[in-house]
Amino acid sequence: MMILFALLGTALCIGTILFLERNEEGLKLIGSKKDLLVIAGSFFIVEATLFSFTGYGREFICHSLIFFYLITASYIDNRTQQVYRVGSIVFIAFCATLFLCKDMGWEIRFEKTVSLLIFNMAVVAFGKMEFMGWGDVLTFAGVSYWLGTFTDGILTLESCLYCMLFSSILFVAVNVKDMDWGNLRMKEYRAFVPSIAGGALITLAFISV
């Protein structure tokens, strides 16, 4: 089943990319067979990781759908330095729906709602200060609702902060040579969504241990 989901995710990702290429003039996202191998390899690694922590079931399916978006958006962001707003809005709507449909007591829902409000206010502030792009802000918003849905035994705000921490560490580690340390900014734009995807996966593994 894990292999099936990896193959399905790969096919949907490539189909989405080809659809964008066809409908946007001059857009070229897949340049060689190596790109296809990178996409397929990413899905197999993620699906294997998800399966090792959740097994097969409802959570595995939900996590797979989340990472289908994150991997696809990561690849596109890395190639074009942009995050499509329509995709981000659909992603947020899906994650928010999962959160609203989750069966939980009012005390837990209150804690999670307050945590999501605080975290997303902070992320929007980072966007206004131009520490990250608005596509990254929207991606973090969707991820926060996903974490709010599936985190148990840990504060939602804590899990969101872990995700931001891990994402930031990955981003700096990959782009350390391009950092303007005096202003704590990048010298030029670098894709952040791949680091968010990696941070989200690490966070899930961290809180599942």
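Worth pointing out:
- Projecting the Cα atoms of F60, G127, L147 onto the charge dipole of the chain (Cβ charges, centred on the Cα centre) puts G127 farthest toward the positive pole.
- Farthest toward positive dipole pole in the chain [+1 Lys/Arg, -1 Asp/Glu at C-beta], among F99, I118, L4: L4
- Comparing G199, G55, G133 in a Gaussian network model of the chain, where Cα atoms under 10 Å apart are tied by springs, the biggest mean-square fluctuation is seen for G55.
- Here D103 sits with roughly 140 square angstrom of accessible surface, probe radius 1.4 Å.
- Of the accessible area of region 35-82, computed with a 1.4 Å probe over protein heavy atoms only, carbon and sulfur atoms account for 64 percent.
- Among (i) 124; (ii) 140; (iii) 116, the entry that matches volume of the Cα convex hull per residue in Å³ as calculated here: (i)
- Cα gyration tensor shape of region 1-116, rounded if a/c is under 1.5, else prolate or oblate by comparing a/b with b/c: oblate
- If you sort the three axes of the alpha carbon gyration tensor as a ≥ b ≥ c, you get a/c of 1.5 or more for region 88-202 and a/b above b/c, which makes it prolate.
- Placing +1 on the Cβ of every Lys and Arg and -1 on the Cβ of every Asp and Glu, with no other charges, gives the chain a dipole of roughly 300 debye about its Cα centre.
- For region 1-110, the solvent-accessible area of protein heavy atoms averages 59 Å² per residue (probe radius 1.4 Å; ligands and nucleic acids excluded).
The values are calculated or read from the model by the stated rules, or taken from the named source; none is laboratory data. Here the structure is a predicted model, which means the values were calculated and not measured. Cβ coordinates were reconstructed from backbone atoms using ideal geometry, including for glycine residues, and neighbour counts include every protein chain displayed. When the accessible area is computed, the model is the full protein with side chains, heavy atoms only, and any ligands, DNA or RNA have been set aside. Shrake-Rupley method; radii C 1.70, N 1.55, O 1.52, S 1.80 Å.
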